[in-house]
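First the structure, in the form of structure tokens, and then the observations on it.
The values are calculated or read from the model by the stated rules, or taken from the named source; none is laboratory data. Just so you know, these numbers come straight off a predicted model, no measurement behind them. FYI the Cβ positions are ideal-geometry reconstructions off the backbone, even for glycines, and counts take in every protein chain you see. Side chains are part of the model used for accessible areas, which takes the heavy atoms of the whole protein and leaves out ligands, DNA and RNA. Shrake-Rupley method; radii C 1.70, N 1.55, O 1.52, S 1.80 Å.
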Amino acid sequence: MLAAAAAGDEIAFRRLIAQHHDDMRRVARYITRDRTLADDATQAAWIIAWKKLGNVHDETHLRSWLVTVAANEARRLLKKRRRRAEAEASTDAIHGPSGIDPSTGIDSMDLRAALDRLDPDDRALLAMRYVAGFDSSELAVATGISPSGVRNRLERLRNRLRQELA
């Protein structure tokens, strides 16, 4: 399917979109913390993918390449938005059903705030690991860091989050 899509087969490309769009969008959403910006990043990533799909020679790397393209676009758009100093309010609100311990919502808000303080590159790494489910080998391909380097960086990020939430 990769070869057919790279050769311009629109049906094969649509199948790739069906398989990978949700992962790409979730990672972009995690990085940007904004639905609209994540959708824009994902759409931009698909345009890049259409143009550069022929550069992917190993089908086992396709998923990590696509998610990395989406993550890069998410970071690019986030930087662009920050440069323009557009203050957009988050549309996410924490709504919990009644009868739930209120501390659950507070814990969620604390985690969200701690994640927001992370660098977009660190959020991208966490998103690829915990949102898209990449293992250290896939993360190594996506980031250009060795698998052991990825594991070490993730451990440092987890420790940082634990300290901030303690």
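Out of curiosity, is residue 60 of a type in the set (Ser, Thr, Tyr) and either open to solvent by 20 Å² or more (accessible area, probe 1.4 Å) or free of Cβ contacts under 8 Å to residues at least 12 places away in the same chain (or both)?
yes
Where residues in segment 129-145 are closer than 17 Å to residue 58 by Cβ and in contact with a Pro (Cβ under 6 Å, 6 or more places away or on another chain), which of them is surrounded by the fewest Cβ atoms within 10 Å (Cβ to Cβ)?
Top of the filtered list is 137.
Looking at residue 31, is it more than 13 Å from residue 127 (Cβ to Cβ) and either in a helix (DSSP H, G or I) or open to solvent by 50 Å² or more (accessible area, probe 1.4 Å) (or both)?
Criteria not met by residue 31.
Hey, does segment 105-114 have a residue that's in contact (Cβ under 8 Å) with a residue 12 or more places away in the chain, of a type outside the set (Lys, Arg) and under 14 Å from residue 30 (Cα atoms)?
Yes.
Please specify each residue of segment 50-61 satisfying the condition of being in contact with a Leu (Cβ under 6 Å, 6 or more places away or on another chain) and assigned to a helix (DSSP H, G or I).
The answer is 59, and nothing else.
Does residue 76 satisfy being in contact with a Leu (Cβ under 7 Å, 6 or more places away or on another chain) and basic (Lys, Arg)?
So residue 76 does not fit the description; no.
When segment 107-128 is examined, which residues are found to be under 23 Å from residue 79 (Cα atoms) and surrounded by fewer than 15 Cβ atoms within 10 Å (Cβ to Cβ)?
Residues satisfying the conditions are 111, 112, 113, 116, 117, 119, 121.
Name the helices (runs of 4 or more DSSP H) wholly inside segment 104-166 in which the number of residues that are in contact with a Lys or Arg (Cβ under 6 Å, 6 or more places away or on another chain) and among the basic types (Lys, Arg) is 1 or more.
none
If you take the residues of segment 4-17 that are open to solvent by less than 80 Å² (accessible area, probe 1.4 Å) and on the phi < 0 side of the Ramachandran plot, which of them is nearest to the chain's Cα centre (by Cα)?
Of everything passing the filter in segment 4-17, 17 is nearest to the chain's Cα centre (by Cα).
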